[in-house]
1. Quick check on my filter: what residues within segment 62-75 are assigned to a loop (DSSP other than H, G, I, E, B) and open to solvent by 40 Å² or more (accessible area, probe 1.4 Å)?
2. Any residue in segment 13-29 that is within 14 Å of ASP71 (Cα to Cα) and of a type in the set (Asp, Glu)?
3. State whether the residues of segment 155-169 include one that is touching a residue at least 40 places away in the same chain (Cβ under 8 Å) and either surrounded by fewer than 21 Cβ atoms within 10 Å (Cβ to Cβ) or basic (Lys, Arg) (or both).
4. Which one of these does ILE174 not meet: (1) open to solvent by 50 Å² or more (accessible area, probe 1.4 Å); (2) modelled with pLDDT of 95 or more; (3) in a strand (DSSP E or B)?
5. Counting only residues that are over 21 Å from ALA32 (Cα atoms) and in contact with a Phe, Trp or Tyr (Cβ under 7 Å, 6 or more places away or on another chain), how many does segment 78-115 have?
6. Which of the residues that make up segment 177-214 are part of a loop (DSSP other than H, G, I, E, B) and under 20 Å from SER134 (Cβ atoms)?
7. Scanning for something out of contact with any Lys or Arg (no Cβ under 8 Å at 6 or more places or on another chain), touching a residue at least 60 places away in the same chain (Cβ under 8 Å), open to solvent by less than 20 Å² (accessible area, probe 1.4 Å) and not in a helix (DSSP H, G or I), does segment 99-106 turn up at least one residue?
8. Taking segment 34-61, which residues are over 23 Å from LYS84 (Cα atoms) and surrounded by 15 or more Cβ atoms within 10 Å (Cβ to Cβ)?
Amino acid sequence: MDEYYTILKEETSEIVEKKSKFIADIFCINSAEEAEEKVKIIKKKYYDAKHHCIAYRVMDNDRLVERASDDGEPSGTAGAPMLKILQKKNLCNILVVVTRYFGGILLGTGGLVRAYSEATQKVLEQVEFVKKVSGVEISLKIDYSNLANFKYYCKNNDIEITNIEYLDDIDIKIEMVNNRKNTFLEDINNKKVEIKEIQGLQGKYINKTVEKNK
């Protein structure tokens, strides 16, 4: 996955449909295990509710994991439409749990799909989204005399300096999107940017933009 959107913080919202209350909780997660732990917390919090339907997508050890559960509702009426919304909006590292308190009136399969979808859409309207792009983090050593030029180079080449340590040399961590990496390494070889040593290079998803709604 080259890019996706996730959220800054958890939120809660609710809707009422024919006396049934649907409470939607959304979380940022980093693993399938974390998602399942969050589900346990919600089930304990709303212990007297009829259903706790879930959908999540998460990059777990560089593998996309998706799961949906109807938790006793008719098959395909809750978790699946919730997951479809996450997929359509390219959302990942996100868990949505919609808890239903049954109001005594049957909604039918179509009504359930609409209610769980609406509950999911409503909580998504309340969050801020962060765009994550596949990139790379590089650890470097540079001379003190080259720091100002290095900062200038990074500013003009869409490279983020994430950490600086002033030791015998200057240790710097930078991050950039993948399509910048080869140009950066070529610029080092061509002496367009002066560094002493590359100490480490690893892939990571980096923040690019923040959006209120999608």
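The values are calculated or read from the model by the stated rules, or taken from the named source; none is laboratory data. The structure presented is a predicted model; accordingly, all values stated were derived computationally and were not measured. As a convention, Cβ positions derive from the backbone with ideal geometry for all residues, glycine included, and neighbour counts pool all protein chains shown. Note: accessible area is taken over every heavy atom of the protein model, side chains too, but ligands, DNA and RNA are not part of it. Shrake-Rupley method; radii C 1.70, N 1.55, O 1.52, S 1.80 Å.
1. Scanning segment 62-75 gives ASP62, ASP71, GLY72, PRO74, SER75.
2. no
3. yes
4. (1)
5. 2
6. The one that is part of a loop (DSSP other than H, G, I, E, B) and under 20 Å from SER134 (Cβ atoms): LYS214.
7. Checked segment 99-106: at least one residue is out of contact with any Lys or Arg (no Cβ under 8 Å at 6 or more places or on another chain), touching a residue at least 60 places away in the same chain (Cβ under 8 Å), open to solvent by less than 20 Å² (accessible area, probe 1.4 Å) and not in a helix (DSSP H, G or I).
8. Answer for segment 34-61, where residues must be over 23 Å from LYS84 (Cα atoms) and surrounded by 15 or more Cβ atoms within 10 Å (Cβ to Cβ): TYR46, ALA49.
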